[in-house]
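The values are calculated or read from the model by the stated rules, or taken from the named source; none is laboratory data. Note that this is a predicted model, so its numbers are computed, not measured. Cβ coordinates were reconstructed from backbone atoms using ideal geometry, including for glycine residues, and neighbour counts include every protein chain displayed. Note: accessible area is taken over every heavy atom of the protein model, side chains too, but ligands, DNA and RNA are not part of it. Shrake-Rupley method; radii C 1.70, N 1.55, O 1.52, S 1.80 Å.
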Amino acid sequence: MLTKRLFIAAAVVAISTFALPGWANNGLMTIIVNDPSNPYWLTEGQVAQKAAEKLGYSAKVSAHKGDTNTESQLIDTAITNKSKAIILDPANADGSIGSVKKAIAANIPVFVINAELNQSGLAKAQLVSNNAQGAAVGAMEWVKQVGETASYVELVGPPSDNNAATRANGFDTVLTQYPTLKKVGQEVANWDRTQGFNKMQSLLQANPDIKGVISGNDEMALGAIAALKEAGKLKQVKVGGFDGSPDAVDAVKAGTLAYTVMQPVAQFAGKAVEQADTFLKTGKTGAAAEKQLFDCILITKENAGNFVSPFVLKQ
């Protein structure tokens, strides 16, 4: 009798556990990010995965690391696995279009986050940071801290990423308003800390008297800080970042990074999953337009202590 009761109790527990929201399975949602070794993309994947699981989907996160061939293979896998939807941070504004078209041909809706495609009407939604707004906010803070008369250099992201060009153009729009600011060097460091370090070393050798570095992302900025520190020039040079990564926020608190501009990746990664779920249930995303911009937030010493988790600022 006792054995029978234990069996019934175990069965009830098993059924109850399976019925919990996290176990309800509406199908697979595939999430493809760039490179999770960068805390920005790590957070992007984690937030999207948690949002999908909360809504009753199983979720698989994978990374293409900026390679369109890898991205294409991951899309093929998503199709083979009969994904209900794909959340994609594209590897290339043009080069990712073919992969997105493959998913569409397989009747799998694609929701783009962070980096835009150069063709509209393919993704059901494109949710991205307002990079032009963020670049302008960052550049104005940079001028405030560096001053209106200085020589400076710039570190930029990969040419294949529209975000890199948008930020560089945004910086330029503000900084060219000050004729006594002189850009004496610019290098592509591909969003990477090590490349930021190496390119900063080269820029310093050619321009030892610079007063500022403006960077298209935090990883490149942190690499530049390391190079400046090694050269004994960190105190005389102000460095500005972009992303709002945990390491960058710590550097702002420490005074080695002048500021960073936080992208609301934790907001739009989750929102993309919610819109995918809405689309799968209703045939519509619920958004007014395909392209949706999310404003960035300036992070300085004044508000750097307000972070409650990566890329989430206490309001």
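Please count how many residues of the stretch 67-92 are surrounded by fewer than 19 Cβ atoms within 10 Å (Cβ to Cβ) and farther than 12 Å from residue 30 by Cβ. Within the stretch 67-92, residues that are surrounded by fewer than 19 Cβ atoms within 10 Å (Cβ to Cβ) and farther than 12 Å from residue 30 by Cβ number 6.
Of the residues screened, residue 236 is not one that is surrounded by fewer than 24 Cβ atoms within 10 Å (Cβ to Cβ) and either basic (Lys, Arg) or touching a helix residue (DSSP H, G or I) at 6+ places or on another chain (Cβ under 7 Å) (or both). Listed by first and then second residue, the pairs with beta-carbon distance under 9 Å, at least 6 apart or on different chains, first residue in the stretch 115-133 and in the same structural domain as residue 85 (by the TED database) and closer than 16 Å to residue 44 by Cα, second open to solvent by less than 30 Å² (accessible area, probe 1.4 Å) and of a type in the set (D, E, K, R), are 115/89; 115/161. Count of the stretch 280-290 residues, restricted to those that are open to solvent by 50 Å² or more (accessible area, probe 1.4 Å) and under 16 Å from residue 269 (Cβ atoms), is 0.
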